[in-house]
């Protein structure tokens, strides 16, 4: 009987010890035959480094700050109405009496005005609160010479009772034109009564002139019958275009 009770006590104590072992959490190393159970880390570690994507650092000329500055486009005393462009975009008409005032984004800009087929170009660096100017008068005088469609006498050749006048038609406009010029030439001669008489020879000459081009046309003026002619220099009394 005593042995039986002793055995029961040993069994009960063993169960109590076994139950206490189950409640403990032990760190178990991973082996090839077992799996380690480890707590899950729910926090993300912070890094002192920040990844930044760097592009090309803009220069002063190409930077787009969002600011704008003033620019005036002018043609000085050039007597014409010319279309103006900034960065190949039309911005209006500039005239002798009315320069073109614009507000443009800061930076470099290409500016040009066109007289027919000839375009004069310049550069402007626009800055905030700083007035900039581009004037094309000198370039227009050098390259275009004439602001509007015109005609001029480039030579003449008197021969007896005829004088041949050489006329140049100039079309700096943006469209093709038919141009005419009235020519006059004063002269004197001795008539059949041996008296010196004054007279005026007149004529009309015309030509088709393409935009931006020049065309030469000749006119023969017939003089009154006589001899000993004295010729004045021929002049143009009027020019028409259509």
Quiz item: Which of the following residues is more than 25 Å from residue 77 (Cα to Cα) and modelled with pLDDT under 95: 201, 129, 224, 174?
Solution: 129
Self-check item: Subset of the stretch 130-149 [over 15 Å from residue 115 (Cβ atoms) and either assigned by TED's automatic domain parsing to the domain that holds residue 178 or surrounded by 13 or more Cβ atoms within 10 Å (Cβ to Cβ) (or both)]
Solution: 132, 134
Quiz item: Consider residue 169 against the criteria (1) modelled with pLDDT under 95; (2) in contact with a strand residue (DSSP E or B) (Cβ under 8 Å, 6 or more places away or on another chain): it satisfies all of them except one. Which criterion is unmet?
Solution: (1)
Quiz item: Restricted to the stretch 79-95, and to residues that are at pLDDT 95 or above and assigned to a loop (DSSP other than H, G, I, E, B), which residue is surrounded by the fewest Cβ atoms within 10 Å (Cβ to Cβ)?
Solution: 88
Quiz item: For the stretch 102-120, how many residues meet the condition of being more than 13 Å from the chain's Cα centre (by Cα), assigned to a strand (DSSP E or B) and closer than 27 Å to residue 211 by Cβ?
Solution: 3
Quiz item: Restricted to the stretch 121-142, and to residues that are part of a strand (DSSP E or B) and without any contact (Cβ under 8 Å) to a residue 24 or more places away in the chain, which residue is nearest to residue 66 (Cα to Cα)?
Solution: 123
Practice problem: Kindly establish whether residue 192 is outside the structural domain of residue 119 (by TED's automatic domain parsing) and without any contact (Cβ under 8 Å) to a residue 24 or more places away in the chain. | Solution: no
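The values are calculated or read from the model by the stated rules, or taken from the named source; none is laboratory data. Note that the coordinates shown come from a computational prediction; the quantities given were computed from them, not determined experimentally. Methodologically, a virtual Cβ is constructed for each residue, glycine included, from the backbone with ideal geometry; neighbour enumeration extends over all protein chains shown.
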